[in-house]
1. Mind checking the log10 I(q)/I(0) for segment 198-243 at q = 0.27, 0.33 Å⁻¹? Debye, one equal scatterer per Cα, no solvent, two decimals.
2. Between the helical axis of 276-289 and the dominant principal axis of the chain, each derived from Cα atoms, what acute angle in degrees is found, rounded to the nearest 10?
3. Alpha carbons only, please: Rg and Dmax for segment 145-203, in angstrom.
4. Show me, for segment 264-275, the HN-Hα J-couplings you get by feeding each phi into the Karplus relation (A = 6.51, B = -1.76, C = 1.60, θ = phi - 60°), rounded to Hz, glycine and proline as x.
5. Reachable lysines from Lys230, Cα under 19 Å, same-chain residues fewer than 8 places away excluded?
6. Can you give me the relative contact order of the chain as a percent, contacts being Cα pairs under 8 Å and 6 or more apart?
7. On a 0 to 90 degree scale, rounded to 10, what angle separates helix 14-25 from the longest Cα axis of the chain?
8. With the Cα gyration tensor of segment 228-373 in hand, give its eigenvalues times 5 under a square root as the equivalent ellipsoid semi-axes, listed largest first in whole angstrom.
Amino acid sequence: MPADPDATGPDATAADATAADTAAAGTGGTGGESAAEQEVVRICSELIRFESVNTGDPATIGDGEAQAARYLQQQLEEVGYETTYLESVPGRGNVVARLAGADPNRGALLIHGHVDVVPADAAEWTVHPFSGAVQDGYVWGRGAVDMKDMVAMTVAVARQYKRDGTVPPRDLVFAFMSDEEAGGKYGAQWLVDNHPELFAGATEAISEVGGFSIPLDDRRRAYLVAAAEKGIAWATLRATGRAGHGSMTNDDNAVTKVADAVSRLAHHEFPLTMTRTVRSLLNGVTELTGLEFPEEDLEGHIAKLGPVARILNATLRNTANPTMLSAGYKANVIPSRAEATVDCRVLPGSEATFQREVQDIVGDDIEIEWNFATPLEFPFEGDLVEAMKAALAAEDADGYPLPYMLSGGTDNKSFSQLGIAGYGFSPLRLPADLDFSSLFHGVDERVPVDALKFGVRVLDRLIRTS
């Protein structure tokens with residue numbers, strides 16, 4: 001719901017957002033800014049106001065994703081794009097558009113994002129999470145960094161190109177999907193399975209989560225570009241036992257079996273594994289700062305990089321975090337079935353052995369149902385990567401792009417099935433004291449106004465040179 005009870009939708013505060021954008025940026029006007037820079041904050045603010053919440057349960061999901069996708073469709077069609085709008089099921093909207101490039105024989109660049117967001121409890125927030133408030137130099141709200149910021153930057157640049165008649169070097173495919181927060185079944189994966197023709201010729205992609213800065217020292221920054229991401233392996237553990245009265249002894253209790261299995265798995269420490277991407281990141285930091293990363297205390301030394309260590313340390317090993325438990329229906333009844341859900345994340349190269357290893361840990365009397373999405377790892381080299389580096393250097397001479405591995409997953413997993421190499425590149429120059437990683441799915445999610453405009457400039461340079 002809008003923060004203002006008298007507001008009826010995103011347009012109700014569009015003018016306020018634009019004015020606040022100018023004031024927050026301290027420009028006193030729009031002189032010297034591109035058209036995309038001038039409207040990116042408005043688009044981001046308006047997009048946040050759609051409550052496109054994805055609970056993961058289709059029964060509790062409304063039409064917020066469809067509303068957000070329709071809004072993006074309108075923004076694109078307003079400047080002349082032909083779009084394709086598709087709903088996998090009612091309310092789960094997806095919109096795709098293409099801009100022809102100068103060389104149709106080159107592989108197209110896919111720029112994609114998702115419109116869905118995780119839930120937010122307004123009582124915990126400084127501002128209403130669906131207000132799209134623009135204040136204190138930030139755009140606030142659920143999705144501000146995951147990932148309506150990148151969607152807004154992409155749409156702002158796409159609108160500028162169409163207005164100006166810009167012809168990029170190669171075809172661009174813009175795609176905005178539902179359901180990324182629950183694995184993409186009704187979004188990217190559905191499009192890949194049912195409408196792969198929309199992505200014909202695409203060979204590379206950019207999306208979340210990467211291109212953001214972290215401080216190296218008082219002057220220099222590293223920009224972490226996601227060249228890899230861990231695989232998703234959601235495991236449902238199930239146990240069966242003998243039902244009975246809660247007052248009696250029972251040596252075949254399904255709840256006990258699942259609880260013991262979950263405890264064993266949660267306390268198991270998988271071995272350190274240095275992947276190509278992680279090694280490249282750490283070597284790059286060492287070259288720039290002199291900080292070394294001895295394997296006997298790898299996690300401790302990575303912690304010196306600041307809050308981003310939460311992500312980086314999770315890419316050193318496979319992980320298994322219990323997230324849900326379900327059993328029973330009455331206090332004095334021992335149920336015959338119990339289950340738990342464990343969010344496992346898997347490093348590239350370990351897919352073949354991980355499932356067997358987990359089964360050994362939990363025991364043969366536990367049945368496991370897997371929901372698996374493969375890990376990704378692409379070379380941090382080639383024309384696209386070089387264009388990323390050059391675009392960042394042009395806007396920040398003290399910035400150094402480095403590859404990293406994302407501990408989560410993105411829609412790049414689905415598009416990889418079409419042979420598309422996907423990188424996390426949503427460029428943002430961030431304040432050194434901003435704990436950016438904590439904002440993903442966190443309280444008071446927000447993105448700096450200046451970072452949005454920086455991202456538009458970098459994205460524009462990248463597209464024009466790749």
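FYI, it's all coordinate maths here, none of it is from the lab. Since this is a predicted model, take the numbers as computed values, not measurements. Quick reminder, even Gly has a Cβ in these numbers, built from the backbone with ideal geometry, and neighbours come from all protein chains shown.
1. Debye intensities relative to I(0), on a log10 scale: -1.04, -1.16.
2. 60 degrees
3. According to the Cα coordinates of segment 145-203, Rg and Dmax are 13.4, 37 Å.
4. Once θ is set to phi - 60°, the couplings for segment 264-275 become 4, 5, 5, 8, 6, 9, 6, x, 4, 9, 8, 7 Hz.
5. Lys185, Lys413
6. On the way: 987 pairs, mean separation 101.9, N = 466.
Relative contact order of the chain: 22 percent.
7. Helix 14-25 sits at roughly 80 degrees to that axis.
8. 39, 15, 11
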